[in-house]
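Only one structure is covered here, and it is reproduced in the block below.
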Number of protein chains: 2
Amino acid sequence: MNFSTRQIQIIEAATKRIDKFGIQELTIKNLANDLELSEAALYRHFKSKNDILLGMLSYFIVGMKEKINKIIANDSETPCEIINDIFNNQLNTFIKNPAIVSVIFSEGIFQFNGTLSNKLSEMMGLMQEKISELVKRGQDEECFNKMLNPALATTMIMGSMRMVVLKWKLSGNKTNLVKDGQNMLNGILKMMKKK
Amino acid sequence: MNFSTRQIQIIEAATKRIDKFGIQELTIKNLANDLELSEAALYRHFKSKNDILLGMLSYFIVGMKEKINKIIANDSETPCEIINDIFNNQLNTFIKNPAIVSVIFSEGIFQFNGTLSNKLSEMMGLMQEKISELVKRGQDEECFNKMLNPALATTMIMGSMRMVVLKWKLSGNKTNLVKDGQNMLNGILKMMKKK
DNA sequence: TACTTTTGTAAGTGAATACTAACTTACGAA
DNA sequence: TTCGTAAGTTAGTATTCACTTACAAAAGTA
């Protein structure tokens with residue numbers, strides 16, 4: 001799971017290409033041109049195109065996992081604050097590297113490639129698990145009401161946030177993702193707060 | 001916008017293929033095999049592969065528009081009931097023809113094909129517009145609270161429902177879509193209700 | 001300096017891609 | 001009976017795809 005610098009260059013070029021032109025335009029030839037390398041050179045660093053995609057997903061998932069775990073470990077904050085931190089962190093990651101979004105939100109594309117769709121499911125499952133744990137804690141500590149069960153509330157939060165990101169994507173990254181995302185999360189949390 | 005019976009056969013075969021194997025496996029050759037026709041025969045009915053995809057989207061959008069307008073026209077119901085009806089109708093359409101979901105939820109795939117992504121944006125825009133109108137009416141008639149503005153509430157509803165459908169899809173259509181969808185919508189509407 | 005490993009290249013491979021040209025068949029109207 | 005048309009066929013086209021082979025230059029390392 002340790003990538004060489006050249007491998008990371010390839011992964012980042014592939015991500016940018018998907019972001020700009022879509023998965024259909026990610027070909028070995030195009031990718032090699034982007035990197036100013038020959039096609040054969042790519043096969044020195046990954047054994048197949050599929051391996052490049054797999055590497056790409058692994059690369060981002062590892063980073064995401066680390067950050068989320070670090071945020072959750074902070075036990076001086078309430079569950080509500082932690083949820084806020086997690087999504088703020090995600091939104092800012094997306095702003096900094098918009099290309100990631102195209103890859104992370106593409107279940108549809110990878111759905112029929114076993115290894116790739118497993119990687120994505122793993123990531124979604126991770127988020128679902130962490131968030132619903134936080135919702136449950138929030139309800140137990142009586143800062144959230146119990147109108148929705150934790151699983152349902154989590155699906156709602158994740159779905160709503162995804163929709164905000166999708167709209168940002170469809171606007172050509174013109175809308176203010178951080179503002180819209182915070183707005184959405186605040187609205188949801190307000191409705192979930194104990195009165 | 002009037003399709004021949006053969007065109008509809010082709011559209012439905014293409015939809016099923018995307019649903020089962022993904023867009024990458026939608027080739028003229030495969031599609032022709034599915035229909036037990038020669039490849040050239042398909043070009044008697046559509047002038048290009050892109051035209052088949054475009055026809056596919058148009059075909060479903062027209063049907064969706066008609067149904068939604070019919071439901072909204074029913075003025076003996078409250079906004080809340082109408083929203084319920086719209087999503088119930090959608091969920092049942094998905095159950096009856098699961099293949100549609102793969103096509104409708106694939107912005108990522110079509111994002112880089114101008115004409116196709118416009119078709120999809122059109123459909124999402126239509127839903128956004130109709131739902132947020134209903135939310136606004138609900139707030140004016142004081143059956144919804146005003147905690148969220150109509151646009152935000154609509155994004156939340158649509159995002160949450162999409163997430164339920166995505167989960168159904170990822171489960172291999174094993175979860176109970178109608179039950180889960182109703183559950184989600186009831187939860188959201190409960191939180192939005194005036195107390 | 002001599003040897004090995006890493007990283008690159010040019011020039012291919014067969015298979016698949018969307019699409020086309022030329023021709024055939026079935027059938028209804030003039 | 002003749003003619004036009006819709007709907008099909010076979011057998012191609014040029015191009016693109018992921019991937020491979022054989023060889024060379026560079027970069028360590030002894």
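Each value in this text was obtained by applying a stated rule to the coordinates, not by laboratory testing. In this text the structure is predicted, and so the values were computed from the model without any measurement. Every residue, glycine as well, gets a Cβ built from its backbone with ideal geometry; the counts of neighbours run over all protein chains shown.
As a ratio to 2.2 N^0.38 Å, the alpha-carbon radius of gyration computed for chain A takes the value 1.14.
Using 1/(1 + (r/R0)^6) with R0 = 45 angstrom and r between the beta carbons of B:Q24 and A:N183, what's the FRET efficiency to the nearest 0.05? Once rounded, the FRET efficiency stands at 0.75. Put in order of Cβ neighbour count within 10 Å, fewest first, the listed residues A:K136, A:K47 become A:K47, A:K136. Computed on segment A:1-41, with alpha-carbon pairs under 8 angstrom and 6+ residues apart, the relative contact order is 30 percent.
Based on C-alpha pairs under 8 angstrom that are at least 6 apart in sequence, segment A:46-163 has a relative contact order of 28 percent. Between B:N2 and B:A73, how high is the FRET efficiency from 1/(1 + (r/R0)^6) when r is the Cβ-Cβ distance and R₀ = 25 Å? Nearest 0.05. Calculated transfer efficiency: 0.55.
One chain, two ends: A:E12 and A:E129. Fully extended at 0.36 nm per residue, the span grows by 39.3 nm beyond their Cα-Cα distance.
For segment B:131-195, the tally of Lys pairs with Cα-Cα distances below 22 Å comes to 13, considering only residues 8 or more apart or on different chains. Against chain B, whose longest principal axis comes from its Cα atoms, helix B:177-192 is set at around 30 degrees.
Remark on B:F144: its backbone amide H falls under 5 Å from those of B:Q139, B:K194, a criterion applied only to residues 5 or more positions apart or on other chains, H modelled at 1.01 Å from N.
Seen against the Cα atoms of chain B and their longest principal axis, helix B:150-170 is set at about 50 degrees. For the residues of A:20-29, the average number of beta carbons from a partner chain within 10 Å of their own beta carbon is 2.
In summary, the convex hull built on the alpha carbon positions of segment A:118-195 has an orientation-averaged projected area of 5.7 nm².
Note on chain A: GNM, Cα springs under 10 Å; of A:D85, A:D75, A:D19, the largest mean-square fluctuation is that of A:D75.
Under 4 °C and 1.567 mPa s, how fast does the protein assembly as shown diffuse according to Stokes-Einstein, given a Kirkwood radius computed over C-alpha pairs? Answer in µm²/s, whole number. Translational diffusion coefficient: 57 µm²/s. Ordering B:C143, A:C80 from the fewest to the most neighbouring beta carbons within 10 Å gives B:C143, A:C80. Counting only residues at least eight positions apart within a chain, or on another chain, the aspartates and glutamates with an alpha carbon under 18 Å from that of A:K70 are A:E81, A:D85, A:E129, A:E133.
Shielding by partners for peptide A:180-191, expressed as the average number of C-beta atoms from other protein chains within 10 Å of each residue's C-beta, is 3. Against chain B, whose longest principal axis is taken from its Cα atoms, helix B:49-73 shows a tilt of about 30°. Here's the list of lysines a cross-link from B:K65 could span, going by alpha-carbon distance under 20 Å and ignoring same-chain residues fewer than 8 apart: B:K96, B:K119, B:K130.
In terms of surrounding Cβ atoms within a 10 Å radius of their Cβ, B:Y59, B:Y43 rank from fewest to most as B:Y43, B:Y59.
At q = 0.11 Å⁻¹ the log10 of I(q)/I(0) for segment A:47-117 amounts to -0.35, computed by Debye summation with a single uniform scatterer per C-alpha, solvent ignored. Return the FRET efficiency for the residue pair B:E141, A:N92: r is the Cβ-Cβ distance, R0 is 45 Å, and the value is rounded to the nearest 0.05. It comes out at approximately 0.70.
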